[in-house]
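A.B. asks: Mind looking over this structure? Questions follow.
The values are calculated or read from the model by the stated rules, or taken from the named source; none is laboratory data. What you are looking at is a predicted structure, and each value in this text was computed from that prediction instead of being measured. In this analysis, Cβ positions are derived from the backbone assuming ideal geometry, glycine residues included, and neighbour counts consider all displayed protein chains. Quick note on the areas: whole protein, heavy atoms, side chains included, nothing else; ligands and nucleic acids left out. Shrake-Rupley method; radii C 1.70, N 1.55, O 1.52, S 1.80 Å.
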Amino acid sequence: MLIAGGTGLAPLKALVHHVDAAGGRRRVTLVWGGRRRPELYDLPALEALCRHDWFDLVLGVSDEAPAAR
């Protein structure tokens, strides 16, 4: 399990890419958060890794406005 907030993702993203390059023989859960969703940079690249069965991505935002009803 890898846990990151904001730009603290950078070194953990490198670890995830290393696991991918090594054939994904380790299970990885990445928990990543920020204040608002737009602050979660490079999200499409991480979402693309979700196609692998060894990778799970859990996102969290702390200051997102509630959805309109």
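A.B. asks: State which residue is most open to solvent (accessible area, probe 1.4 Å) when the search covers only segment 15-41 and only residues that are closer than 16 Å to L2 by Cα and aliphatic (A, V, I, L, M).
C.D. replies: Step by step, filter segment 15-41, then rank; the result is L15.
A.B. asks: Just for segment 42-54: of the residues that are surrounded by 13 or more Cβ atoms within 10 Å (Cβ to Cβ) and under 10 Å from the mean Cα position of the chain (by Cα), which one is farthest from L9 (Cα to Cα)?
C.D. replies: Restricting to residues being surrounded by 13 or more Cβ atoms within 10 Å (Cβ to Cβ) and under 10 Å from the mean Cα position of the chain (by Cα), the top hit is L49.
A.B. asks: Out of the residues in segment 55-69 meeting the condition of being closer than 15 Å to L2 by Cβ and in contact with a helix residue (DSSP H, G or I) (Cβ under 6 Å, 6 or more places away or on another chain), tell me which one is least open to solvent (accessible area, probe 1.4 Å).
C.D. replies: Taking the candidates together, the pick is F55.
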